[in-house]
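What follows is a set of notes on a single structure, which appears directly below.
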Amino acid sequence: MDNISIALVEDQQLFRNGLHALLKETEGINVMQIAEGGHQFLELLKAAPALPDVALLDMNMPEMNGFELLELLQKHYPSIKVIILTIYNQERFIIKMVEAGVAGYLVKNCEIDEVILAIRTAYKTGFYFNQSTLQALHHANKFKGNEARSFANITIALTEREIEVLRLICSEYTNAEIAETLSISQRTVDGHRNNLLAKAGCKNTAGLVVFAVNNNFYNKISF
């Protein structure tokens, strides 16, 4: 089992300490940084010998909220996969954060098992979208029919192989698993993934999943 390093950024002490206590007892998860807010977390990152793999962020924090912190992390530390932990379950918040690039969105009343699943899945595949997140994205679907459009609202064409790769990405397959399933090399998969990122106009795997939902590819997974 991989040893996943995580950061916890939460201004509420009771919730922060409780979650830390649960996660530090979880095999394969190492809590690397704990911060009360965005400014403190950024200072910790500057001094850290290594970056965390996954960061759990509260969305509603004083001085710097989760959205503002996410923007800075994506600009300066794009390798960190961000999972939002919040009390807000409204679709408008989910859509805003997912479209901004988070790897996952969880409501604080979820079970600790789902938090751990989200951490491990985001580390492995780049995203963890539960049914609530997917439902919100479907409701916000801007594009209908078979015509695919990028995030810049430009009509694009995908090859059949690119669509196959996209559907497997949405099914949480790693590049190695996609290569094995389609009987192609991992280098070829990397090429298809890069082409998809360029065509869709997104930066990461989570963005590809949003693109797939927007263009009605997500529900067509049949593998």
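Here, each number is a calculation from the coordinates, and none is a lab measurement. Because the structure is a prediction, the values reported are computed rather than measured. Positions of Cβ are backbone-derived with ideal geometry, glycine not excepted, and every protein chain shown enters the neighbour counts.
Worth pointing out:
- Among the listed values (i) 17.6, 58; (ii) 17.5, 50; (iii) 15.9, 46, the one computed from these coordinates for Rg and Dmax of the Cα atoms in Å is (ii).
- Neighbourhood net charge (13 Å Cβ-Cβ; Lys/Arg +1, Asp/Glu -1) for I87: -2
- Whole-Hz couplings from phi, Karplus 6.51/-1.76/1.60, listed for region 134-139; x for Gly and Pro: 5, 4, 4, 5, 4, 5
- Antiparallel bridge percentage (DSSP; both residues within the chain; nearest 5): 10
- For the pair Q131 and K46, label points projected 7 Å from Cα toward Cβ lie 4.5 nm apart.
- Taking amide H as placed 1.01 Å from N in the peptide plane, the amide H of S5 sits under 5 Å from that of N30, D53, V54, each at least 5 places away or on another chain.
- Gained length - A21 relative to E111, 0.36 nm times residue gap less alpha-carbon distance: 31.0 nm
- Surrounding net charge for N3, when Lys and Arg each add one and Asp and Glu each subtract one, Cβ distance under 10 Å: -3
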